[in-house]
1. Looking at region 149-170, is at least one residue out of contact with any Pro (no Cβ under 8 Å at 6 or more places or on another chain), at pLDDT 90 or above, open to solvent by 90 Å² or more (accessible area, probe 1.4 Å) and closer than 27 Å to Met255 by Cα?
2. If I ask for residues that are open to solvent by 10 Å² or more (accessible area, probe 1.4 Å) and assigned to a helix (DSSP H, G or I), which ones from region 232-249 would you list?
3. Determine whether Gln129 is open to solvent by less than 100 Å² (accessible area, probe 1.4 Å) and either touching a residue at least 40 places away in the same chain (Cβ under 8 Å) or assigned to a helix (DSSP H, G or I) (or both).
4. Among the listed residues Val322, Val223, Val311, identify the single one that is at pLDDT 90 or above, over 42 Å from the mean Cα position of the chain (by Cα) and open to solvent by less than 10 Å² (accessible area, probe 1.4 Å).
5. Quick test of your reading of the structure: Ile300 fulfils all but one of (1) open to solvent by 80 Å² or more (accessible area, probe 1.4 Å); (2) touching a helix residue (DSSP H, G or I) at 6+ places or on another chain (Cβ under 8 Å); (3) modelled with pLDDT of 85 or more. Name the failing condition by number.
6. Go through region 259-288 and give me each residue that's part of a helix (DSSP H, G or I) and surrounded by fewer than 19 Cβ atoms within 10 Å (Cβ to Cβ).
7. Within the set of pairs 6 or more residues apart or between chains, which connect a residue that is part of a helix (DSSP H, G or I) inside region 308-320 to a residue that is open to solvent by 10 Å² or more (accessible area, probe 1.4 Å) and of a type in the set (Asp, Glu) with Cβ atoms less than 8 Å apart?
8. So which of Gln73, Gln141, Gln107 ends up being at pLDDT below 90 and either closer than 30 Å to Ser246 by Cβ or in a helix (DSSP H, G or I) (or both)?
Amino acid sequence: MSRLCSPKRLGMPITSGKCTKLISKQTSEEFKMTQFIDTKMWALCKKGKVDSRDGLVQIRKRDLERLTTEVMQLREFLPKVVNGDLIEMLQKARAAETMKERLGQEQEQLRQECLHLRSRLDAAQSECQKEREEKLVLREQLWESREQLQQQAEFCTGLGAASCTLLWSTSSKEEAVKDILADGKLQSFLSVAGQTLESFVKSLDGEAKAEQQDSNSHEQQFVLALAGVVTNVAAVTCGRDYLSSSAHVLLETLMQLLELLKPGVFPKLKVLMLMALYNVSISVKGLKYIREFPGLLSLIWTLLEDGDSEVCLHALRLLQSVLLEEALVGPGLLLDDPLLPLERIRTLATSSRHPALRQTAQETLDDLGSLRTSFLDPHGTSSSDQVHV
């Protein structure tokens with residue numbers, strides 16, 4: 001018989017006469033084998049005798065040896081059966097555990113990045129809201145500034161119109177023009193006048209502005225007053241001499257603006273500029289400068305096509321001054337210029353309803369005839385040899 005073992009301590013030390021077997025911790029690979037051994041041990045304990053003194057059980061040595069043999073066989077064959085699948089499962093489990101840990105780390109990293117991006121988003125939204133509020137404030141300030149600027153512009157235009165209108169009225173007296181020349185500020189005024197007239201004319205857009213030309217706005221009154229002052233200065237001998245010698249830029253600007261203004265657009269301004277040029281042409285120097293302007297006859301032809309009678313009248317008077325210069329300096333190219341608007345002048349002389357325009361047109365034709373006659377035969381010819389224009 002073998003030594004006794006306690007049924008209450010299955011899985012703990014088992015002792016026999018020749019061997020002692022210690023079964024310690026159970027691994028996952030030995031789980032089924034351990035269950036089998038426990039079942040066998042329990043069966044052996046039921047067959048043995050129990051010693052009531054220390055709770056030990058006596059079993060047969062042959063049974064213990066049989067159990068030992070079976071256990072050894074199980075230890076030998078069981079790993080061959082389940083070890084491959086078990087190792088594969090363990091590897092998959094470890095890989096899954098590693099993947100789980102890595103995914104957990106990535107998830108935590110993504111969570112931190114999400115929190116960081118959310119904080120940045122909140123900061124950006126807060127800043128955007130702040131900028132939107134600032135933009136609204138700036139837009140309100142801009143509108144207020146525009147309104148103030150518009151009010152200031154209207155005030156300045158009204159003030160300029162009133163001042164220039166008074167100056168226009170004052171400059172109609174010769175003594176006032178002499179005082180203006182003596183003050184030495186005329187050059188600055190003429191420079192401002194030329195720039196203002198140029199800016200105003202270039203802002204006109206033909207028919208759209210033509211519909212508003214009769215409105216008595218401060219802006220139109222301002223430019224009319226500027227042109228009127230220049231006209232009155234040119235009407236005085238000392239004034240036209242000054243313009244003929246020291247205001248060539250202004251004279252050229254006036255002729256260029258007359259080219260820019262389309263027929264029927266702002267005839268009052270055209271009349272004043274033509275009157276200023278005519279007054280300057282009374283001076284020999286002024287007439288010579290105007291005569292040398294390229295495209296003069298083309299300009300006069302365009303002005304004669306204007307529907308306003310006053311514009312046509314003053315354009316003819318300017319042409320008469322040019323013809324006078326032609327008669328004084330001798331034969332020129334004017335009479336043979338194809339741009340000389342003879343047909344238009346004949347039409348005005350015969351069909352115009354404006355008496356002064358009709359008379360001036362006829363006088364211009366007579367001057368052209370006399371000028372051509374004097375150039376062709378300075379000693380006189382018979383009427384049959386005269387060239388009629």
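1. Scanning region 149-170, I find at least one residue that is out of contact with any Pro (no Cβ under 8 Å at 6 or more places or on another chain), at pLDDT 90 or above, open to solvent by 90 Å² or more (accessible area, probe 1.4 Å) and closer than 27 Å to Met255 by Cα, so the answer is yes.
2. Residues satisfying the conditions are Asn232, Ala235, Thr237, Cys238, Arg240, Asp241, Tyr242, Ser245, Ser246, His248, Val249.
3. yes
4. Val311
5. Failing condition for Ile300: (1).
6. Passing the criteria: Glu259, Leu260, Lys268, Val284, Lys285, Lys288.
7. From region 308-320, the pairs are Gln320/Glu363; Gln320/Asp367.
8. The conditions single out Gln73.
The values are calculated or read from the model by the stated rules, or taken from the named source; none is laboratory data. No experiment lies behind these values; they were computed from the predicted model shown. Don't worry about glycine lacking a Cβ; one is built from the backbone with ideal geometry, like all the others, and counts go over all protein chains shown. These accessible areas exclude ligands, DNA and RNA; they are computed on the full protein's heavy atoms, side chains included. Shrake-Rupley method; radii C 1.70, N 1.55, O 1.52, S 1.80 Å.
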